[in-house]
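The values are calculated or read from the model by the stated rules, or taken from the named source; none is laboratory data. Note that the structure is predicted; figures quoted are calculated from it, not measured. Glycine gets a Cβ as well: all are built from the backbone with ideal geometry, and neighbour counts include every protein chain shown.
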């Protein structure tokens with residue numbers, strides 16, 4: 001064994017780093033985070049995510065999770081780590097061009113209101129005043145959530161990692177997990193390209209590599225990777 005940790009976290013993206021940081025805030029600081037990529041931009045989903053945050057969801061727990069993420073990512077504590085924000089609450093507007101979609105936005109407005117997310121329904125003229133590039137003749141209305149916005153995932157990872165390190169958490173980059181030692185259903189050690197780590201528990205935050213890590217431990221992690229599309233434009237007048 002070259003190291004030991006009460007908890008080994010596999011994956012140093014936004015999920016793994018946030019988990020380590022919040023464990024440390026609760027006095028669990030004997031934590032070691034390993035990732036096969038470089039730190040803080042590991043090459044996983046956090047390095048490529050556009051960072052769009054929409055809080056209103058058909059699931060109340062997911063809505064509360066998103067609202068909590070907005071609060072934490074927008075905190076002065078994280079912004080102060082790098083002297084720049086990790087979250088920009090620019091607001092979000094979903095528009096409806098069909099009666100069915102307009103009914104759905106009414107439903108989402110009700111969910112947002114019931115679950116504590118400030119939101120408002122807007123008519124076409126109100127939407128046009130905010131986004132003059134849109135053809136409001138095609139729009140029946142929209143849902144405006146002022147605190148929706150854009151997160152900077154890698155920036156947030158770096159800020160949380162800095163705070164976690166000061167509390168005692170360790171991070172190993174360029175360290176791939178290659179296997180586990182188990183006694184029954186309990187993991188006793190994690191084998192990596194950087195050596196073996198004795199541990200009492202493992203938290204897998206490996207994203208799309210989760211199923212592969214799970215197979216090394218003899219468990220099934222039901223994650224299905226999906227490719228999403230987004231477009232980055234040159235500056236658009238009125239939207240800068």
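Values as computed for the structure displayed
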item: Subset of segment 18-51 [closer than 12 Å to residue 153 by Cα, touching a strand residue (DSSP E or B) at 6+ places or on another chain (Cβ under 7 Å) and not in a loop (DSSP other than H, G, I, E, B)]; result: none
item: Checklist (1) assigned by the TED database to the domain that holds residue 205; (2) under 25 Å from residue 90 (Cβ atoms); (3) out of contact with any strand residue (DSSP E or B) (no Cβ under 8 Å at 6 or more places or on another chain) applied to residue 156, failing item; result: (3)
item: Test result for residue 56, touching a helix residue (DSSP H, G or I) at 6+ places or on another chain (Cβ under 8 Å) and either outside any loop (DSSP other than H, G, I, E, B) or surrounded by fewer than 18 Cβ atoms within 10 Å (Cβ to Cβ) (or both); result: no
item: Count - residues of segment 129-167 that are assigned to a helix (DSSP H, G or I), over 29 Å from the mean Cα position of the chain (by Cα) and surrounded by 15 or more Cβ atoms within 10 Å (Cβ to Cβ); result: 1
item: Residues of segment 59-74 satisfying the condition of being surrounded by 15 or more Cβ atoms within 10 Å (Cβ to Cβ) and in a loop (DSSP other than H, G, I, E, B); result: 74
item: Out of 132, 153, sole residue that is touching a residue at least 60 places away in the same chain (Cβ under 8 Å) and more than 30 Å from residue 58 (Cβ to Cβ); result: 132
item: Failed criterion for residue 82 (all others in (1) touching a helix residue (DSSP H, G or I) at 6+ places or on another chain (Cβ under 7 Å); (2) assigned by the TED database to the domain that holds residue 213 hold); result: (2)
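Yes/no per residue for (1) in contact with a helix residue (DSSP H, G or I) (Cβ under 7 Å, 6 or more places away or on another chain); (2) exposed (fewer than 14 other Cβ atoms within 10 Å of the Cβ); (3) at pLDDT 95 or above:
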{"site": "37", "(1), (2), (3)": "no, no, yes"}
{"site": "52", "(1), (2), (3)": "no, yes, no"}
{"site": "94", "(1), (2), (3)": "yes, no, yes"}
{"site": "100", "(1), (2), (3)": "no, yes, yes"}
{"site": "105", "(1), (2), (3)": "no, no, yes"}
{"site": "112", "(1), (2), (3)": "no, no, yes"}
{"site": "127", "(1), (2), (3)": "yes, no, yes"}
